[in-house]
Amino acid sequence: EPMRGGKEEVLREMLARGRKYEKKLTWSQFVSSMTNHSSNCLLLLQGFFCNIPWGVMFVFLNDFLSQEKGLTVPDATFIVAVFGVGCAVGGILGGYLGSLASRIDRRYLPLFMALATLLGV
C-alpha cells in the first residue's frame, strides 16, 4: 500500500525523517471546515443555485424542442445529448488547457478563464 502523504511535497521532509503522516479527515472536520469559512459557504451556495438552471435546461430543452418546435422526441433527445456531450468535453478540455496555462505561468490561468468566458457568451 502506498505511504500516506508520500506524494505531498510539504510532507517529504517529515517522511524522510521516518515519521508517518497519520492525520485523516473526518466527516465532522469536513463539515466544520466547509461551514466556518465564508468563502466555502459562498462557493457552496453558488454551486447549488447554478446547478438548478443546468438541470432544468436539459429537461426543458427536450420538451421545448419536441412540443414547441415540432421535432420528434428521439430527435430532440439526440440534440440534447449532443449538447450534453459538448458540455462534458468542453469541461474536460477547458480544465486541461487551464492546467497547461497555469503551468506555463500562474498569471495565465485567470486570463484563460476570462477568454473562455468571453468565447462562451
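The values are calculated or read from the model by the stated rules, or taken from the named source; none is laboratory data. Just so it is clear, the structure is predicted and the values come from calculations on it, not from any experiment. Positions of Cβ are generated from backbone atoms using ideal geometry, with glycine treated the same way; all protein chains shown enter the neighbour counts. Note: accessible area is taken over every heavy atom of the protein model, side chains too, but ligands, DNA and RNA are not part of it. Shrake-Rupley method; radii C 1.70, N 1.55, O 1.52, S 1.80 Å.
Looking only at residues in segment 65-80 that are among the small types (Gly, Ala, Ser) and surrounded by 13 or more Cβ atoms within 10 Å (Cβ to Cβ), which one is nearest to residue 120 (Cα to Cα)? Looking at the filtered set, the residue picked out is 76. Taking the condition of being over 15 Å from the mean Cα position of the chain (by Cα) and open to solvent by 90 Å² or more (accessible area, probe 1.4 Å), how many residues in segment 86-109 meet it? The qualifying residues number 5.
When segment 110-121 is filtered for residues that are within 22 Å of residue 87 (Cβ to Cβ) and open to solvent by 100 Å² or more (accessible area, probe 1.4 Å), the ones remaining, listed by number, are 113, 118, 119, 121.
In segment 11-58, the residue that is modelled with the highest pLDDT out of those that are open to solvent by less than 100 Å² (accessible area, probe 1.4 Å) and not in a helix (DSSP H, G or I) is 26. So, in segment 1-10, of the ones that are charged (D, E, K, R) and surrounded by 10 or more Cβ atoms within 10 Å (Cβ to Cβ), which residue ends up nearest to the chain's Cα centre (by Cα)? Out of the qualifying residues, it is 8.
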